[in-house]
Amino acid sequence: MTDGGAPHTTTRRDEAVRSAVEQGLVGPGTPIIGLLDVAGIREGAAALRAAFDAVTAPGTPVLHAFAVKAAPLVPVLRLLRTEGIGAEVASPGELALARAAGVRADHTVLDSPAKTPAELREALALGIAVNADNPQELARIDALVASAPTRSPLGLRVNPQVGGGSIGALSTATPTSKFGVALRDEGAREWVVRAYRERPWLTRLHAHSGSQGMPLGLMARGIEETYALAEEVNARLGRRQIDTVDIGGGLPVNFTSDEQTPTYAAYARLLAERVPGLFDGRYGLVTEFGRSLLAKHGTVLARVEYTKSSGGRRIAVTHAGVQIAARTVYAPDAWPLRIAAYDAKGLPKSGPEVAQDVAGPACFAGDLLAENRSLPPLDQGDYAAALDTGAYYFAHHYAYNSLARPAVYGFAGGVAGGGRGVRFALVRAAQTVEEIVAESGGAQVDALTNALTNGV
């Protein structure tokens, strides 16, 4: 995430779209694909590392763990690993993806409000860091630690209860959030101190107060509260037991332009100003950014299958809708997406803009990526590009109408050659109709007509 990087981002995207059309990756037979800007992802990872290096004391151990839920794609995790980024996982599936990508156990953090005994046992056996979400989970860990030694750094997640942002469903630090130990509840703070006193192996403290729609000041306040608690625990125990603070992630993303703001540098400076003691070398740091690392570097490119007019408004019917953008379709005010118009050759369209709907393929009226949006007129055979979709949009496929997951390609090169030489690598193959049938019980076709009725 670099300041002033928007022109390069736009140029790379335009060249990738044109090359994808020219090379036949998208077209009549393949009307939707996802594109990931490899150079942009590398730049974002470098900016994250540099931002925190600039404010932490030399020699401070810092782990940046990517929130795998934002882009659970093995090649993406592998790319981030090569850029010095670990993995924050929240399920057995995400852990398996991180391991498949070669992410080291000591660069992996397990967070989840519903860890099973088997999940905890596996993590402790591998030496993966674990943040306990609640007293009952901590009791489970007590039994596991007593039965078998572990190399895993172990911590406790707390909820500083500083309030929420503009998207309630993503606000993790509200008074009634389901995550962590609620610090302002009666008796909670004393329970936390006692938990550390009774467990010398409990050495980390974790909180996640940010997410999309959360102002930076309120995020920083959550970190302030967490740091103050770490200081209190260590002071009351008379020893430096908490040695690492996991500050979570949640840096919001600008979805209104190509400008990459807020930057990691701005956030790190704000934290250093508000919580200087966190960066003086006494505490190791863990971050868990997800959306902010990937969002600006992804594009969903969809062919316009038909155009029409209804009630005097133009409608472009495309192959990108609720199946790749459920949040945008169901909560458009909270999750608006920018749309860029390209012609049939993959070149940016220009000219007078007109109000039009950009519709998806699903069979319900609300399947719209954009409503009454001013764009150059999209015509049949053109392409609508949903921008800023590198995080979550490739990950959370919604199988409405049994629509297939699109292929995802990473791209690199091209800028120096004036658009020539863009190279693509397949990240995830498109889902086939055979795979859709298999996932929908195809192998059990007679389960309800035979197996349960033969004895009746």
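The values are calculated or read from the model by the stated rules, or taken from the named source; none is laboratory data. Just so you know, these numbers come straight off a predicted model, no measurement behind them. Backbone-built Cβ (ideal geometry, glycine too); neighbour counts: all protein chains shown.
Listed by first and then second residue, the pairs linking a residue in the range 228-240 that is without any contact (Cβ under 8 Å) to a residue 60 or more places away in the chain to a residue that is small (Gly, Ala, Ser), with Cβ atoms under 8 Å apart and 6 or more places separating them unless they lie on different chains, are Glu231/Gly277.
Annotation note: Cβ proximity below 9 Å between a residue of the range 349-366 that is in the same structural domain as Thr307 (by TED's automatic domain parsing) and a residue that is among the polar types (S, T, N, Q) and assigned to a loop (DSSP other than H, G, I, E, B) (sequence gap 6+ or interchain) occurs for Gly360/Gln323; Pro361/Gln323; Ala362/Gln323. Taken over the range 381-396, the residue count meeting the criterion of being in contact with a His (Cβ under 7 Å, 6 or more places away or on another chain) and among the acidic types (Asp, Glu) is 0.
When Leu77, Leu35, Leu25 are screened for being in contact (Cβ under 8 Å) with a residue 12 or more places away in the chain, under 20 Å from Thr389 (Cβ atoms) and assigned to a strand (DSSP E or B), only Leu35 passes. Criterion first (outside any strand (DSSP E or B), within 22 Å of Asn254 (Cβ to Cβ) and modelled with pLDDT of 95 or more) does Leu271 satisfy it? Judged against the criteria, Leu271 is a match.
When the range 106-131 is limited to residues that are small (Gly, Ala, Ser) and under 20 Å from the mean Cα position of the chain (by Cα), the one that is farthest from Leu285 (Cα to Cα) turns out to be Ala114.
Residues in the range 89-115 that are part of a strand (DSSP E or B) and among the hydrophobic types (A, V, I, L, M, F, W, C): Val89, Val109, Leu110.
Against the criterion of being in contact with a Ser or Thr (Cβ under 8 Å, 6 or more places away or on another chain) and touching a residue at least 60 places away in the same chain (Cβ under 8 Å), Glu88 qualifies. The residues on offer are Pro135, Pro153, Pro149, and the sole one that is in the same structural domain as Gly187 (by TED's automatic domain parsing) and surrounded by 15 or more Cβ atoms within 10 Å (Cβ to Cβ) is Pro153. Could we say that Pro361 is assigned to a loop (DSSP other than H, G, I, E, B) and modelled with pLDDT under 95 here? The answer is no for Pro361. Filtering Ala57, Ala16, Ala20, Ala65 for residues that are in contact with a Gly (Cβ under 6 Å, 6 or more places away or on another chain) and either assigned to a loop (DSSP other than H, G, I, E, B) or not assigned by TED's automatic domain parsing to the domain that holds Ile242 (or both) leaves a single hit, Ala57. Considering Leu294, Leu278, the condition of being part of a helix (DSSP H, G or I), of a type in the set (A, V, I, L, M) and either outside the structural domain of Asn254 (by TED's automatic domain parsing) or within 20 Å of the chain's Cα centre (by Cα) (or both) is satisfied by Leu294 alone.
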